[in-house]
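The values are calculated or read from the model by the stated rules, or taken from the named source; none is laboratory data. Quantities reported herein were computed from a predicted structural model and do not represent experimental measurements. Note: ideal-geometry Cβ built from the backbone for every residue, glycine included; neighbour counts use all protein chains shown.
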Amino acid sequence: MMTTVAPLVIVEDVTKVYHPGEPDEVRAVRGVSMEVAPGEVLVLEGPSGSGKTSLLTVIGCMSRPTSGQVSIADRRVSRLSETALTAVRRSTFGFIFQHLHLIPNLSVEDNVMVPLVPTGMSAAERRRRVDRVLKAMRIDHRRAVQAGRISGGEQQRTAIARALVNEPTVIIADEPTAHLDSDLSADFLGILDDLNASGTTIVMATHDPRVMEHSVVNRRLAMSDGRIVGAVSS
C-alpha cells in the first residue's frame, strides 16, 4: 500500500510587503502557495528582485508574512509570539547567506559556536557539536585561526559548519555560490550532496546554473515579480 509523506513546510497564500502604505512600499511576495517535502532539495530561481530572498526569510521564520500562513511540521508558525518563533527558527533551520556574515576577529571555532550560545546548552555539548561539524567540513585544522585570516573556501566551510551546528532539519541557502569560483562552487555542491544523503531538507534561492542544474536538486520553481510562475524542467 502506498503511503503519502506529509509536507515539512507549507506556505499558504503568503504575501510580504515592506513599508506598507508608504511611498516606498514594496510588494516583494505576492500570494505564494507551495510545499516542501522532507528531504527535498528545492531551488527557487529567478532574477534579482523576483522575491526569492523575501520568501526564504518567511519560510525560515526570519520574518513574518504580511498575510497568509506558514506551517512547519504541521505547526502554524506565522502568528507565534516572538519568543516561540525564535525557538522554532533555532531548532529547525540552519542558514547559509550570500554574504557569509562571519565575525572576522573571532576564531573559526567561535564563529561556528555562535548559534548555540543562546540555547542554554551545556559547554560539553556545545564542544561536541562544534567538533563534529568542523571535522565534517574538513576545517577543524583551522579552528583556532581568526575567520578573517582564512581563505574564501575555508570561510565558506566555516559558514556551512555554523549552519549545521544546531543539527537543523532544514537548510535555507540564499545565493550560496554568488561569490565562489568554479572549484569552490563544485565543493559546495558536493557538500549539498552529503547533506541531502543524510536526510537534510534544503531550500535555496539562486540564479546560478551550476546549482540549478545539479543532480542533487529535486525540484525547481521559477519566481517573477513576487510570484511563483511555474515549475522548471531540469
Of all residues in the stretch 133-162, which are in a helix (DSSP H, G or I), over 20 Å from the mean Cα position of the chain (by Cα) and not acidic (Asp, Glu)?
Lys135, His141, Arg142, Ala147, Gly148, Arg149
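Restricting to the stretch 74-102, give me the number of residues that are surrounded by fewer than 13 Cβ atoms within 10 Å (Cβ to Cβ), farther than 14 Å from Val58 by Cα, over 15 Å from the mean Cα position of the chain (by Cα) and not acidic (Asp, Glu). Show your work before the answer.
Restricting attention to the stretch 74-102, the residues satisfying the condition of being surrounded by fewer than 13 Cβ atoms within 10 Å (Cβ to Cβ) are 74-76, 79, 81-83, 99, 101.
With farther than 14 Å from Val58 by Cα added as a condition, the list becomes 74-75, 81, 83, 99, 101.
Okay, now just the ones that are also over 15 Å from the mean Cα position of the chain (by Cα), so 74-75, 81, 83.
Within this subset, residues satisfying the condition of being not acidic (Asp, Glu) are 75, 81, 83.
Looking only at that region, the number is 3.
Let's see how each residue does on (1) exposed (fewer than 15 other Cβ atoms within 10 Å of the Cβ); (2) under 26 Å from Thr206 (Cβ atoms); (3) without any contact (Cβ under 8 Å) to a residue 12 or more places away in the chain:
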{"residue": "Arg64", "(1), (2), (3)": "no, yes, no"}
{"residue": "Ile72", "(1), (2), (3)": "no, yes, no"}
{"residue": "Asn105", "(1), (2), (3)": "yes, no, no"}
{"residue": "Asp110", "(1), (2), (3)": "no, no, yes"}
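Taking the condition of being surrounded by fewer than 15 Cβ atoms within 10 Å (Cβ to Cβ), basic (Lys, Arg) and closer than 15 Å to Ser185 by Cβ, how many residues in the stretch 147-161 meet it?
So the count comes out to 0.
Name the residue, out of Leu180, Leu184, Leu192, that is out of contact with any His (no Cβ under 6 Å at 6 or more places or on another chain) and buried (at least 21 other Cβ atoms within 10 Å of the Cβ). It would help to see each step written out before you state the result.
Details: Leu180 fails: buried (at least 21 other Cβ atoms within 10 Å of the Cβ); Leu184 fails: buried (at least 21 other Cβ atoms within 10 Å of the Cβ).
So the residue among Leu180, Leu184, Leu192 that is out of contact with any His (no Cβ under 6 Å at 6 or more places or on another chain) and buried (at least 21 other Cβ atoms within 10 Å of the Cβ) is Leu192.
One line per residue, one yes/no per condition, for (1) modelled with pLDDT of 85 or more; (2) touching a Cys at 6+ places or on another chain (Cβ under 8 Å); (3) more than 20 Å from Ile59 (Cβ to Cβ); (4) of a type in the set (A, V, I, L, M):
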{"site": "Phe188", "(1), (2), (3), (4)": "no, no, yes, no"}
{"site": "Ile191", "(1), (2), (3), (4)": "no, no, yes, yes"}
{"site": "Gly199", "(1), (2), (3), (4)": "yes, no, no, no"}
{"site": "Val211", "(1), (2), (3), (4)": "yes, no, no, yes"}
{"site": "Val217", "(1), (2), (3), (4)": "yes, no, no, yes"}
{"site": "Ser224", "(1), (2), (3), (4)": "yes, no, no, no"}
{"site": "Gly230", "(1), (2), (3), (4)": "yes, no, no, no"}
{"site": "Ser233", "(1), (2), (3), (4)": "no, no, yes, no"}
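Do the conditions hold for Val117, that is, is it farther than 20 Å from Val88 by Cα, of a type in the set (Val, Ile, Thr) and surrounded by fewer than 20 Cβ atoms within 10 Å (Cβ to Cβ)? Walk me through it before giving the result.
Values: farther than 20 Å from Val88 by Cα: no; of a type in the set (Val, Ile, Thr): yes; surrounded by fewer than 20 Cβ atoms within 10 Å (Cβ to Cβ): yes.
No.
A quick yes/no check of all residues on (1) under 18 Å from Ala136 (Cβ atoms); (2) among the hydrophobic types (A, V, I, L, M, F, W, C); (3) outside any loop (DSSP other than H, G, I, E, B):
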position: Ile172; (1), (2), (3): no, yes, yes
position: Pro176; (1), (2), (3): yes, no, no
position: Phe188; (1), (2), (3): yes, yes, yes
position: Ile191; (1), (2), (3): yes, yes, yes
position: Val211; (1), (2), (3): no, yes, yes
position: Arg220; (1), (2), (3): no, no, yes
position: Met223; (1), (2), (3): no, yes, yes
position: Ile228; (1), (2), (3): no, yes, yes
Could you grab me the full set of residues in the stretch 52-105 that are in a strand (DSSP E or B) and touching a Cys at 6+ places or on another chain (Cβ under 8 Å)?
Val70, Ile72, Phe93
